[in-house]
Amino acid sequence: GDFESIRYLYEHNLSNIRYRHQVTFNSCEEIREFVQGEKKNPIYQGNMLTMGPLKLFKDGSLGARTAVVRAPYEDDPGNYGVEATSDALQEELCMEASKNGMQVITHVIGDGAIEKTINAYEKTMVNGENTLRHSLVHCQITDKPLLERIAKLGILVQYQPIFLDYDMHAVESRCGKALSSTSYAFNTLDKLGGKISYGTDAPVEDCNPFPNIYSAVTRKDKTGWPEGGFYPEEKVDVYTAIDAYTTGSAYCEFMEDKKGRIKEGYLADFTVINQDIFTIKEEEIRDIDVHMTIVGGKVVYEE
């Protein structure tokens, strides 16, 4: 199936990009079969194709009002969202993954889904340490106590700042102003010492990282609205945003000693861009173009 087709690409050197699998299973038996079978294939021991975490889904989306929230939607009374995985199954799968040394990452958008997932992760930790680097993917609707708990437990957060482009037009009507002001809390979680990475959410969103960096730095939509940025206290500077994309992402993969920096002994993966991202106007970040991409010291794209 999917494993075989992707393996084929790497066995025959047909891909120039590094690929890390996320796997989704709905039973402990499936996890055990995977750990004893596919995961043992030696191809995953290199640094081009690697085996990553168990991916779970706890809720839906804010736009569809299916994100699991602790208080009902303000514009849809009585609706608390839709749970994609029950608490009992989530806990069972997290325990099984942890027993097998597998990282778990979970799609969580609403504050209810986030709280339940933190609870499930906490139960699998040894001496309160998140050694398997279990992560929250999206982690959008939060209050300050949730953010403090995430940072204290060392739970990783994988943000996609581009979601703000749409959600800033919907979140206040769905969740109210107070909760909105502490959501998409890129800066607060960073200041609390949280472990943060940014991603593009491809293929749902474009894989171009620059609109994401623009969103995190300006907190404006594509048209430049609102003028000062959406809850501007949650803006981050461009250095913080790039770190989240590079060193932050490498940490999620347990590869912080191999990638995420242009540094001696690290994998020579980098891009050459057409403008100096550190000095141009923030509004221009989203329009940056790539001149060249180098993977493992080899030019794989040239404009």
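The values are calculated or read from the model by the stated rules, or taken from the named source; none is laboratory data. As the structure is a computational prediction, the values presented were derived from the model and not from experiment. Here the Cβ positions follow ideal geometry from the backbone for every residue, glycine too, while neighbour counts run over all protein chains shown. Surface accessibility is based on the protein's heavy atoms, side chains included, excluding ligands, DNA and RNA. Shrake-Rupley method; radii C 1.70, N 1.55, O 1.52, S 1.80 Å.
Points worth noting:
- Residue selected from segment 103-145 under the condition of a type in the set (Ser, Thr, Tyr) and not in a loop (DSSP other than H, G, I, E, B), by the criterion nearest to residue 54 (Cα to Cα): 106
- Condition met for residue 148 (assigned to a helix (DSSP H, G or I) and either farther than 21 Å from residue 284 by Cβ or open to solvent by 20 Å² or more (accessible area, probe 1.4 Å) (or both)): yes
- Qualifying positions in segment 43-67 - open to solvent by 20 Å² or more (accessible area, probe 1.4 Å), touching a residue at least 12 places away in the same chain (Cβ under 8 Å) and not in a loop (DSSP other than H, G, I, E, B): 43, 50, 51, 55, 57
- Test: residue in segment 29-42 that is buried (at least 18 other Cβ atoms within 10 Å of the Cβ), of a type outside the set (Gly, Ala, Ser) and touching a strand residue (DSSP E or B) at 6+ places or on another chain (Cβ under 9 Å): yes
- Only one of 88, 84 that is outside any helix (DSSP H, G or I) and either modelled with pLDDT under 95 or of a type in the set (Gly, Ala, Ser) (or both): 84
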